[in-house]
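Throughout, read-outs are computed from the coordinates displayed, never taken from laboratory work. Just so we're clear, the structure is a prediction, and the values are computed from it rather than from any experiment. Ideal geometry is used to build each Cβ from the backbone, glycine not excepted, and the neighbour counts take in all protein chains shown.
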Amino acid sequence: MSNPVPGLVEFLRARVDEDEARYPTYVTGWLAEQRRAECVSKRRMLERFERWLEPERNGDPLQIAALALTMDMAIPYVNHPGFHKSWAWKS
């Protein structure tokens, strides 16, 4: 099983970077701190998912779970111009 969502992890990293840029370092308070922590969390998840999406995993349960979770992370961006329809779940 090759990576069924080529480019999706990179796309999501770019969206996380954009989200983080909306909260510059001089902005303080719990909401800004929470938003920055969410970006850190998303980056960590993407690092794990990227490893689990490697073709060598050949459809093992971790690869399937990583695929589902990565595609779920993309849901808020379905209307972004860089979003590919192949990244969306078909229901």
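At a glance:
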{"quantity": "10 Å Cβ shell holding at most 13 others, DSSP loop, trypsin sites (Lys or Arg not before Pro): longest site-free stretch of the chain", "calculated": "23-89"}
{"quantity": "Gained length - residue 35 relative to residue 22, 0.36 nm times residue gap less alpha-carbon distance", "calculated": "3.8 nm"}
{"quantity": "Correct choice for Cα extents along the principal axes in Å that was computed from the model, options [x] 40, 26, 22; [y] 45, 25, 20; [z] 36, 32, 22", "calculated": "[y]"}
{"quantity": "Relative contact order for the chain, counting Cα pairs under 8 Å that sit 6 or more residues apart, in percent", "calculated": "36"}
